[in-house]
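Let me begin by presenting the structure, written as structure tokens, before commenting on it.
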Amino acid sequence: MNLNKNRVLTLGQFIIEKQNDFPYAKGELSRLLRDIGIAAKMVNREVNKAGLVDILGDMGTTNIQGETVKKLDVYANEQFISALSYGGECCAVASEENEDMVHIDGEVSKNARYVIAIDPLDGSSNIDVNVSIGTIFSIYRRTSLSGAVELSDFLQKGTEQVAAGYITYGSSTMLVYTTGRGVNGFTLDPSIGEFCLSHPDITIPKTGQIYSINEGYYVHFPEGVKRYIKYCQTEDRVTSRPYSSRYIGSLVADFHRNLLKGGIYMYPSTAKSPKGKLRLLYECNPLAFIVEQAGGIASDGFKRILDLQPRSLHQRTPIFIGSPEMVRAAEDFMLKFSAETV
Ligand code: F6P
């Protein structure tokens, strides 16, 4: 048979092909990723309708049919948990939207071995103004052997992740993930309703020209961060400085741009948030896994993010993530000018 070399490779097909990379895989991880892809498409559909609020009803209010319009972050949370519940491979979810873990203990999930930490809709304050938002997820194998899932199943170091990924709902919708063998990106083709491989083997440039940080908080930053920002703004031909400042305020979108173009994203400790703002389990760890797989670095300013020991589900951490040379430079400034606070 004459196979078409230019064929479109869908997420589903790619996952099945890659499954053979894992000699003992029984397809569970593949099914989990498939379930996440399905929920992402449902969320994408609703996100695309967000601009029609005047017609359909504002989020959290009643629409013209008299139905309550759910807030998108609540909707996204329900979609992901429901897809994971019916998929049968996930036994618990830790979500940004729920204070405690959500146990999945239906009949179909009784042999499930994976737990998932997720931020179902990150950057949701950007929805109303049509700016990119995202979903971030992290997959672990449960460590407890039987019975109900325990907190310790989630409090594993980032190095133990078996897969991680994100979806960015933007000018196009993309799903990017890693299972520890490189990073691949898929763009949603709305005409066929499938994520199609568009960015195989993503690698982050060793250095870049973009720094991303909320400079509005400058006065509250540690001295090391202030000095690094000044370094970014200083003219230097060899390193092509000054760099450009780009900050969307949607972690996934800022991260995604820097992953493809080269750059550094920083959310350090501030006087207001001494431990930083972003969450270790479902924001920093998954992106750290992805960036390392793409050749980059993720640090809390002093230590590797993936080596941090989580102590609670919603723990925060400062983060410096992106091109390796830029993150190393920021770490040098932190070491020189800032005491470790976390
Ligand atoms: O998770 C929180 C989040 O919305 C991220 O998506 C984003 O990068 C960050 O907060 C923005 O925070 P701030 O408005 O403090 O810069």
- Task: Please indicate, with yes or no, whether at least one residue in segment 105-118 is within 13 Å of the ligand (Cβ to nearest atom), open to solvent by less than 30 Å² (accessible area, probe 1.4 Å), modelled with pLDDT of 95 or more and under 18 Å from residue 33 (Cβ atoms).
- Result: yes
- Item | Which numbered condition residue 289 fails, given (1) open to solvent by 10 Å² or more (accessible area, probe 1.4 Å); (2) more than 19 Å from residue 115 (Cα to Cα); (3) not in a loop (DSSP other than H, G, I, E, B) | (2)
- Message: Of all residues being modelled with pLDDT under 75, surrounded by 13 or more Cβ atoms within 10 Å (Cβ to Cβ) and not aliphatic (A, V, I, L, M) in segment 1-60, which is nearest to residue 190 (Cα to Cα)? Just the residue, please.
- Response: 51
- For residue 187, indicate whether it is farther than 24 Å from residue 119 by Cα, away from the ligand (no atom under 16 Å from the Cβ) and open to solvent by 10 Å² or more (accessible area, probe 1.4 Å). no
- Message: List pairs: first residue in segment 1-28 and within 16 Å of residue 178 (Cα to Cα), second residue at pLDDT below 70 anywhere in the structure, Cβ distance under 6 angstrom, at least six positions apart or on different chains.
- Response: 19/25
- Of the candidates 264, 248, the one satisfying the condition of being aliphatic (A, V, I, L, M), within 17 Å of the chain's Cα centre (by Cα), more than 10 Å from the ligand (Cβ to nearest atom) and closer than 22 Å to residue 229 by Cβ is 264
- Scanning segment 208-218 for residues that are of a type outside the set (Gly, Ala, Ser) and in contact (Cβ under 8 Å) with a residue 12 or more places away in the chain, which turns out farthest from the ligand (Cβ to nearest atom)? 209
- Restricting attention to segment 119-167, which residues are over 22 Å from residue 87 (Cβ atoms) and either open to solvent by less than 10 Å² (accessible area, probe 1.4 Å) or in contact with a Cys (Cβ under 7 Å, 6 or more places away or on another chain) (or both)? 133, 158
- Query: residue 252 passes all but one of (1) buried (at least 24 other Cβ atoms within 10 Å of the Cβ); (2) under 18 Å from residue 325 (Cα atoms); which number fails?
  - Reply: (2)
- Task: Among the candidates 299, 273, 338, single out the residue that is closer than 29 Å to residue 116 by Cβ and open to solvent by less than 20 Å² (accessible area, probe 1.4 Å).
- Result: 299
- Item | Flag if residue 277 is under 17 Å from the mean Cα position of the chain (by Cα) and part of a loop (DSSP other than H, G, I, E, B) | yes
- Task: Tell me, please, whether a residue that is in contact with a Ser or Thr (Cβ under 9 Å, 6 or more places away or on another chain) and away from the ligand (no atom under 16 Å from the Cβ) can be found in segment 125-137.
- Result: no
- Any residue in segment 126-138 that's under 15 Å from residue 248 (Cα atoms) and in a strand (DSSP E or B): show its pairings with residues that are more than 9 Å from the ligand (Cβ to nearest atom) and of a type outside the set (Asp, Glu) at Cβ separation under 7 Å, as long as the two are six or more apart or on different chains. 133/47; 133/121; 133/127; 133/169; 134/166; 134/167; 134/168; 134/169
- Item | Output for segment 168-222, where each listed residue is under 24 Å from residue 240 (Cβ atoms), small (Gly, Ala, Ser) and more than 17 Å from the chain's Cα centre (by Cα) | 208
- Query: So residue 317 clears everything in (1) surrounded by fewer than 21 Cβ atoms within 10 Å (Cβ to Cβ); (2) within 23 Å of residue 162 (Cα to Cα); (3) polar (S, T, N, Q) except one condition, right? Which one?
  - Reply: (1)
- Message: When you scan segment 320-334, do you find a residue that is at positive phi and away from the ligand (no atom under 14 Å from the Cβ), even just one?
- Response: no
- Query: Quick check: is even one residue across segment 222-238 open to solvent by 10 Å² or more (accessible area, probe 1.4 Å) and within 16 Å of the ligand (Cβ to nearest atom)?
  - Reply: yes
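The values are calculated or read from the model by the stated rules, or taken from the named source; none is laboratory data. Just so it is clear, the model here is predicted, and its values are computed rather than measured. Methodologically, a virtual Cβ is constructed for each residue, glycine included, from the backbone with ideal geometry; neighbour enumeration extends over all protein chains shown. With ligands, DNA and RNA removed, areas are computed over all heavy atoms of the protein, side chains included. Shrake-Rupley method; radii C 1.70, N 1.55, O 1.52, S 1.80 Å.
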